[in-house]
1. Check each of the trypsin sites (Lys or Arg not before Pro) in segment 23-111 and keep only those in coil by DSSP with at most 13 other C-beta atoms within 10 angstrom; list them in order.
2. Tell me the relative contact order for the chain as a rounded percent, counting alpha carbon contacts under 8 Å between residues six or more apart.
3. If we count chymotrypsin sites (Phe, Trp or Tyr not before Pro) as exposed when they sit in a DSSP loop and have at most 16 other beta carbons within 10 Å, what is the longest stretch of the chain that avoids them all?
4. Name the residue farthest towards the positive end of the dipole of segment 27-183 from the options ALA27, TYR50, LEU142, assuming +1 on Cβ of Lys and Arg, -1 on Cβ of Asp and Glu, about the Cα centre.
5. Which length gain, in nm to one decimal place, applies between GLU173 and ALA45 when the Cα-Cα distance is subtracted from 0.36 nm times their residue separation?
6. Which of the following values of log10 I(q)/I(0) by the Debye sum over Cα atoms at q = 0.08, 0.09, 0.16 Å⁻¹ was calculated from the structure shown: (i) -0.43, -0.54, -1.28; (ii) -0.39, -0.49, -1.35; (iii) -0.67, -0.75, -1.16?
7. Which value at 222 nm does the chain reach when only helices count, each DSSP H run of 4 or more adding -39,500 (n - 2.57), with the total divided by all residues and rounded to the nearest 500 deg cm²/dmol?
8. Two decimals is fine: what's Rg over Rh for segment 43-108, C-alpha atoms, Kirkwood radius as Rh?
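FYI, it's all coordinate maths here, none of it is from the lab. Model, not experiment: these values are computed from the prediction. Here the Cβ positions follow ideal geometry from the backbone for every residue, glycine too, while neighbour counts run over all protein chains shown.
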Amino acid sequence: MTSAPLPGPVPSDGRAGPVQFGRHAPASHVIVHLSDTHLLAAGAALGGRYDVEANLAATLAAVERTGVRPDALVFTGDLTDLGEPDAYRRLRDAVEPLADRLGAPVVWVAGNHDERGAMRSGLFDGPADDGPLTGVWDLAGLRLVALDSSVPGWHHGEIDAQQREWLRGILSEPAPHGTILALHHPPIPSHVPLFDILELRDQDALAEAIAGSDVRAILAGHLHYSTSGTFAGVPVSVASATCYTMNLQRPPQEVNGMDAGQAFQLVHVYDDVITHTVVPVVEAPTGDYFSDEWIDRMARLSPRERLEAFSRKR
């Protein structure tokens, strides 16, 4: 499923068609990218100060307000803070009703705060073993691959040799709309110095594994702030956290968490580009919006008439 296109001219057969106001047709796929929920058992506050369940609820409400019908909800790790079974249960109870309403699968990615055994049994109803949690989703021709960068007993990240070989096999055959990778530790630098200690290791080996493949984007989390970069020529987009975010208004050595700035991202997949839009989780008064009638009127104009009606300065 994809987001609904804007209403457009009604063809003679009565079917509504999508509107293309510019050079790009509507996105073929839309993904909601969320990260770092850090839930705790019994709904406990994280660090005694962050109401992570309330922050997650506010984030999910904001997702629903967008009106998007996504192809998937992707959570890029640190789903719980301590890997507690009850925390995974509470996460499912919060997210799955929304996923059902949207008709979208949920992609759970392991992070350094997660425990593989508890996560596998709590979110996948599988055996509680400590093997990597990976998966592949065919989203109407767009391939989504979840990797497990968690290292049991440690907070830094790594995609081990077995996963890399598995990934090479998956990527050996291109997907119709290409591939998006999702993992927790982003393969890009952070300007916050201490984060480099907990970075993704053996990045050169991962770059070799995806070289020449159809990988079009990498989704990640871990940093608790939104940022972007490139890795081996592939765009990387890091989603901010739902629990708390880094206060980047301070010098790098003083950066720490704040209960503000939570956000998620809308990933729109087009034939020749993928965009990543940061959506702040905040309710605020908004101005007038473009009505269905206005959009329909614009859709019925020629491109030159649209420029005259909307682009010309008065």
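1. Within segment 23-111, the qualifying trypsin sites (Lys or Arg not before Pro) (loop, at most 13 other Cβ atoms within 10 Å) are ARG23, ARG49.
2. Reported relative contact order: 19 percent.
3. 22-153
4. Final value for the positive-end residue is ALA27.
5. 41.6 nm
6. Evaluating log10 I(q)/I(0) by the Debye sum over Cα atoms at q = 0.08, 0.09, 0.16 Å⁻¹ on these atoms matches (ii).
7. Mean residue ellipticity at 222 nm (helix-derived): -7000 deg cm²/dmol.
8. Looking at segment 43-108, the ratio lands at 0.97.
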